[in-house]
Amino acid sequence: MSGIYDEPEFYQAACAYRDVPAEVDALLRWSGRFRGPDGSEAGPPRSVLELAAGPAEHARELARRGLEATALDLSVAMCARARELAKADELSLTVVEADMRDFRLPGDVDLAVTMLNSLCHLLSLDDMLRHLASVARCLSPNGLYIMELAHPADFFAAEHRTTSEWSTEVGDGTVSVRWGAQDQIDPVTQITREHVSVTYHKRHGPVRTVTDVVPNRFWTATEMAAAIRLAGGFTVVASYGDFDADLPVDAAGAWRMILVLRRAGG
């Protein structure tokens, strides 16, 4: 059976609980706040790259806001889905099929983003360093890289900050997701083999379930800080625990670890 990343419609439905317009509001707010030299305010970004973009939900929303948007993903199926959705909405979106550990773009972008904890697919420090070097190559001076990771409390605290099971109403039915509920983290590698099950109940249609086992690496704040220093070229200018109200990452209600990196100026 094919996995969740080979089924773009299922992946998209599984993430339908996310408020993409509100998250894009936050991305643009932070970009205006930190993208200028030495942290001074700058105008809105003109171009954006979404990495490990999947169906490119955020890149397409940013294209709707008038940005020159590029979506990058390693999956042929996801790239095709992103192109299909952009065409249906009459959006200008450049889609690049490439590995986020090693890629180049023909020109610089003002803003790069990685959403939905997609950095969990970088399983080693070497992977993370290669990734950061590739992102730095494509960012303009003082450009920002905003990365959204899982909150460390989800794998180190007694109580998780996010749920492992949920159901969401979508346009043509209901999708039920069960993600990694009983999976154990390897204490040495910090990698889990997460079991995911997505059931799509389409109205007046068939019920279909896709299952997968996905290796995920969980990164701590100190590991990310060390990787960023080793890679060079970036300064961490802010961190948040949510997209709403600039919640600190160490707040009790924080459920994500969002890092805002600024590339060194030219």
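The values are calculated or read from the model by the stated rules, or taken from the named source; none is laboratory data. In this text the structure is predicted, and so the values were computed from the model without any measurement. Every residue, glycine as well, gets a Cβ built from its backbone with ideal geometry; the counts of neighbours run over all protein chains shown. For the accessible areas, the whole protein counts, side chains as well, though only heavy atoms, and no ligand, DNA or RNA atoms are used. Shrake-Rupley method; radii C 1.70, N 1.55, O 1.52, S 1.80 Å.
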Ratio of alpha-carbon Rg to the 2.2 N^0.38 Å globular estimate for the range 130-169, to two decimals, please.
1.83
So between R104 and D246, what do we pick up on full extension, going 0.36 nm a residue minus the alpha carbon distance?
47.9 nm
Which shape class, rounded, prolate or oblate, goes with the range 158-222 when its Cα gyration tensor gives a ≥ b ≥ c as root eigenvalues, a/c under 1.5 marks rounded, and past that a/b bigger than b/c marks prolate?
prolate
Which length gain, in nm to one decimal place, applies between R64 and A158 when the Cα-Cα distance is subtracted from 0.36 nm times their residue separation?
29.8 nm
Rank T192, S92, V170 by how far each Cα sits towards the positive end of the charge dipole of the chain (+1 on Lys, Arg Cβ; -1 on Asp, Glu Cβ) and give me just the farthest.
S92
Using every Cα-Cα pair within the range 218-266, state what percent have a distance larger than 15 Å.
48 percent
Per residue, how much accessible area does the range 106-166 have with a 1.4 Å probe, in Å²?
37 Å²
Per GNM of the chain with C-alpha springs under 10 angstrom, the most fluctuating residue out of L85, L111, L93 is L85
Placing one equal point scatterer on each C-alpha of the range 121-195 and summing with Debye, one gets log10 I(q)/I(0) at q = 0.18, 0.28 Å⁻¹ equal to -0.94, -1.34
Report, in debye and to the nearest 20, how large the dipole of the range 123-200 comes out about its Cα centre when Lys and Arg carry +1 and Asp and Glu carry -1 on their Cβ.
300 debye
Counting all C-alpha pairs of the range 53-117, share separated by more than 17 Å (%)
34 percent
Modelling each spin label as a point 7 Å along the Cα-to-Cβ direction, I'd like the A133/L74 distance in nm, to one decimal.
1.7 nm
Could you tell me, in Å, what Rg and Dmax come out for the Cα atoms of the range 71-156?
14.2, 44
Note: W166 to D19 extended length (0.36 nm per residue) minus current alpha-carbon separation gives 51.4 nm
So the carbon and sulfur contribution to the accessible area of the chain, 1.4 Å probe, in percent, is 51 percent
Working note, the chain: Cα radius of gyration (Å, one decimal) and Dmax (Å, whole number) are 17.9, 57
Could you give the accessible area per residue of the range 191-257, probe 1.4 Å, as a whole number in Å²?
50 Å²
Semi-axes a, b, c in Å (a largest) for the range 164-266, each sqrt of 5 times a Cα gyration tensor eigenvalue, come to 34, 19, 14
Charge dipole magnitude, Cβ of K and R +1, D and E -1 - the range 50-209, Cα centre, debye nearest 20
340 debye
The range 31-176, Cα convex hull volume normalised per residue, Å³:
147 Å³
Could you list the GluC sites (Glu not before Pro) in the range 50-102 that lie in coil according to DSSP, counting only those with at most 14 other Cβ atoms within 10 Å of their Cβ?
E90
